[in-house]
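For reference, the structure is listed below as structure tokens.
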Amino acid sequence: MALAELHGRQDENDCTIHSTCDQCFGEGYIICDTMGCFNPDKHEQCCSEAYVCIGKDNSCCSAWGGPGITGTAGVPNVTAALTETAPAPTVSSWSCTRFDSGEACCQRAPIPLHWCSGDFPNQRCYNPENQFCCTDGTVCDEAGCCELFVR
């Protein structure tokens, strides 16, 4: 396993293990469960093991082991994930090309996903079994949360 690091959402930023959440992801991002980042202003909820769900409150964390510890602005302890005693949940990834439609890309996932919004390389896929695609392209993790994004 490679050394843990933060992965910023913008390709041009230089996130390191010494970067703050807002340096990597933008204004409003704070520490989630000591080792991740989330933005409560965007209705992101901090869940156990630094998983993030979108919802009205942290009840959307029930599928992720419950709520995590909400931190403050600063540098998360990204090496904490390397010292876990329990095995980490399996994270799936897949590859897409710029020639794939959004739906074709999402269909490559090892679980049944559908396209919600975005273009290569920033497609947003969702699982219709337990997520919702809002009209603004946001993917929510609980019923009724799309109303948070109506302008």
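Identify all residues within the stretch 95-150 that are in contact with a strand residue (DSSP E or B) (Cβ under 9 Å, 6 or more places away or on another chain), surrounded by 11 or more Cβ atoms within 10 Å (Cβ to Cβ), part of a loop (DSSP other than H, G, I, E, B) and touching a residue at least 24 places away in the same chain (Cβ under 8 Å); write none if there are none.
Answer for the stretch 95-150, where residues must be in contact with a strand residue (DSSP E or B) (Cβ under 9 Å, 6 or more places away or on another chain), surrounded by 11 or more Cβ atoms within 10 Å (Cβ to Cβ), part of a loop (DSSP other than H, G, I, E, B) and touching a residue at least 24 places away in the same chain (Cβ under 8 Å): 123, 138, 141, 142.
For the stretch 115-128, give me each residue that is at pLDDT 85 or above and closer than 17 Å to residue 53 by Cβ.
Result: 116, 125, 126, 127, 128.
Could you list, in sequence order, the residues of the stretch 36-63 that are under 13 Å from the mean Cα position of the chain (by Cα) and among the aliphatic types (A, V, I, L, M)?
Within the stretch 36-63, 50, 52, 54 meet the criteria.
Restricting to the stretch 28-42, and then to whatever is modelled with pLDDT under 90 and at positive phi, can you tell me which residue is surrounded by the most Cβ atoms within 10 Å (Cβ to Cβ)?
33
Pick from 65, 71: which is more than 24 Å from residue 150 (Cβ to Cβ), out of contact with any helix residue (DSSP H, G or I) (no Cβ under 6 Å at 6 or more places or on another chain) and not assigned by TED's automatic domain parsing to the domain that holds residue 139?
Values: 65 fails: out of contact with any helix residue (DSSP H, G or I) (no Cβ under 6 Å at 6 or more places or on another chain).
None of the other options fit; the residue is 71.
Just checking, does the stretch 61-81 include any residue being of a type in the set (Ser, Thr, Tyr), at pLDDT 85 or above, within 15 Å of residue 141 (Cβ to Cβ) and part of a helix (DSSP H, G or I)?
For the stretch 61-81, residues of a type in the set (Ser, Thr, Tyr), at pLDDT 85 or above, within 15 Å of residue 141 (Cβ to Cβ) and part of a helix (DSSP H, G or I): absent.
The values are calculated or read from the model by the stated rules, or taken from the named source; none is laboratory data. All of these numbers come straight from a predicted model, not from anything done at the bench. All Cβ positions, glycine included, derive from the backbone under ideal geometry; neighbour counts span all protein chains shown.
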